[in-house]
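Everything below concerns the one structure shown next.
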Amino acid sequence: MLKDPDSAKFRFGSTQRMVKNVGGRPTLIWISYVFVNAKNSFGGYTGEKAYAFAYKCNLTKDCKLVDYATPGQYADQLDWQM
């Protein structure tokens with residue numbers, strides 16, 4: 001939880017899907033993009049930094065986070081939509 005609610009601004013990007021090998025089996029993975037612009041110690045915003053969160057869902061729609069990363073980790077497989 002942030003002490004100052006304005007110390008970070010969040011922007012949610014698109015959600016994309018991809019097939020990735022998980023345990024030697026092709027698995028449908030969903031990738032959600034979040035962009036964070038946080039304040040530095042002088043109170044100014046530092047600029048957006050992008051993060052990707054990968055998760056998979058079973059047939060009952062229960063979802064589990066399987067990975068998270070900065071854009072470079074998925075950039076070769078996905079189109080980042082800023």
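The values are calculated or read from the model by the stated rules, or taken from the named source; none is laboratory data. Predicted, not measured: the structure shown is a model, and the values here were computed from it. Don't worry about glycine lacking a Cβ; one is built from the backbone with ideal geometry, like all the others, and counts go over all protein chains shown.
The number of residues in the stretch 41-64 being exposed (fewer than 10 other Cβ atoms within 10 Å of the Cβ) and either modelled with pLDDT under 80 or not small (G, A, S) (or both) comes to 7. For the stretch 14-38, the tally of residues that are surrounded by 15 or more Cβ atoms within 10 Å (Cβ to Cβ) and not small (G, A, S) stands at 8.
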